[in-house]
Amino acid sequence: MNAIRVHEFGDPDVLRLEEVSTPRPGPDQVLVRVHAIGVNPVETYIRAGTYAFKPALPYTPGNDGAGVVEEVGPDVNEFKPGDRVYIAGSVSGAYAEFALCRTEQVHPLPANVSFAQGAAIGTPYATAYRGLFQRAEAKPGETVLVHGASGGVGTAALQLARSRGLRVFGTAGSDEGRKLAREQGAHEVFDHRVPDHFEQIMKATDGRGVDVIVELLANVNLGKDLTILAKGGRVAIIGSRGRVEIDPRDAMQRDVDLRGMVMPNTPPADLASIHAALVAGLQNGTLRPVTGKEFPLAEAAQAHRTVMEPGAFGKIVLRTSDK
């Protein structure tokens with residue numbers, strides 16, 4: 001099979017398309033023929049060697065994808081060859097024509113969801129769900145602010161929050177992105193390139209502040225976030241690209257909580273609960289993954305460059321087929 005392989009950490013050009021042996025499933029494993037692969041910013045950090053986790057070289061990147069079950073291992077009863085599935089994690093890596101997965105990494109993909117949309121589920125939707133509901137404990141009737149609302153995690157957070165009965169605010173840096181945020185459920189949308197957008201957000205709450213912030217770029221926003229939270233507000237810190245300076249008094253005055261998270265810390269029971277909710281949302285149509293640019297598998301390096309550019313619009317996807 002064809003797969004992207006990384007033999008050394010470095011810039012996107014270390015992503016090489018190679019022919020490797022197709023894995024075979026063992027006990028409690030499933031082999032998935034992958035049609036579409038989701039590209040996440042964390043994969044660029046791992047590739048560059050700057051992430052806390054460094055896989056053994058060489059490796060195939062990727063956690064998210066969608067396709068059809070090709071083969072199941074002994075004692076696997078949950079899936080059968082031909083089943084449409086999305087994957088959230090992989091033993092062998094998702095940037096490939098086939099991915100070997102443990103059964104708990106494979107989830108049903110409803111017929112109303114395309115393979116490209118399926119590739120947009122695993123990391124973005126699970127991250128948004130955990131940040132909103134398991135870490136920040138967002139409740140119906142509260143107000144939530146989603147920074148970077150036009151990207152993969154951002155659009156997922158908008159849909160999830162809106163479906164749960166929250167008042168939803170979003171920020172984006174382009175007219176196209178703000179239009180998308182409104183379409184995906186935001187009640188109010190703000191231009192994060194405007195210097196006074198935090199003041200605009202506060203005004204939209206009549207000075208009360210927001211209850212929950214989904215923070216995707218903490219190194220830029222966290223200090224200001226603390227000034228627009230309501231009393232007892234929570235920040236789910238999902239992403240950051242550097243250090244930030246804050247005034248602790250802003251947190252003290254409002255009794256606010258900063259709650260960091262990374263998906264590898266998610267307990268198995270919580271992870272199972274997340275994907276049960278996501279599959280239900282896909283089935284009933286409340287969750288509608290938004291895809292953006294698509295690239296052939298061989299152009300993984302360009303996809304890695306694109307995913308780090310500002311102005312995200314939906315999920316960037318690699319394709320191994322035209323299906």
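The values are calculated or read from the model by the stated rules, or taken from the named source; none is laboratory data. Quick caveat, the model's predicted, so the values are computed rather than measured. Positions of Cβ are backbone-derived with ideal geometry, glycine not excepted, and every protein chain shown enters the neighbour counts. Ligands, DNA and RNA are excluded from the accessible area calculation, which covers all protein heavy atoms including side chains. Shrake-Rupley method; radii C 1.70, N 1.55, O 1.52, S 1.80 Å.
Structure notes:
- For beta carbons closer than 6 Å, sequence separation of 6+ or different chains, a first residue in the range 132-161 that is hydroxyl-bearing (Ser, Thr, Tyr) and a second that is assigned to a helix (DSSP H, G or I), the qualifying pairs are SER150/GLY177; SER150/LEU180; SER150/ALA181.
- The sole residue among TYR86, TYR125, TYR45 that is under 24 Å from SER150 (Cβ atoms), open to solvent by 20 Å² or more (accessible area, probe 1.4 Å) and under 19 Å from the mean Cα position of the chain (by Cα) is TYR45.
- GLY93 fulfils the conditions (1) touching a Gly at 6+ places or on another chain (Cβ under 7 Å); (2) part of a loop (DSSP other than H, G, I, E, B); (3) free of Cβ contacts under 8 Å to residues at least 60 places away in the same chain; (4) of a type outside the set (D, E, K, R) except for a single criterion, (3).
- Total residues in the range 188-232 satisfying the condition of being under 20 Å from GLU176 (Cβ atoms) and free of Cβ contacts under 8 Å to residues at least 24 places away in the same chain: the figure is 6.
- Of all residues making up the range 216-259, the number that are outside any loop (DSSP other than H, G, I, E, B), open to solvent by less than 70 Å² (accessible area, probe 1.4 Å) and either modelled with pLDDT of 95 or more or over 20 Å from GLY151 (Cβ atoms) (or both): 15
- Unmet requirement for VAL317, which otherwise passes all of (1) assigned to a strand (DSSP E or B); (2) within 14 Å of the chain's Cα centre (by Cα); (3) over 16 Å from LEU109 (Cβ atoms); (4) not acidic (Asp, Glu): (3)
Each row is one residue, and each column tells you yes or no for (1) over 27 Å from MET308 (Cα atoms); (2) hydroxyl-bearing (Ser, Thr, Tyr); (3) in contact with a Leu (Cβ under 6 Å, 6 or more places away or on another chain).
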position	(1), (2), (3)
PRO23	yes, no, yes
TYR45	no, yes, no
THR60	no, yes, no
ILE87	no, no, no
GLU97	no, no, no
GLN105	no, no, no
PRO108	yes, no, no
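- Hits in the range 280-315 (condition: open to solvent by 20 Å² or more (accessible area, probe 1.4 Å), among the hydrophobic types (A, V, I, L, M, F, W, C) and modelled with pLDDT of 95 or more): ALA280, PHE295, ALA298
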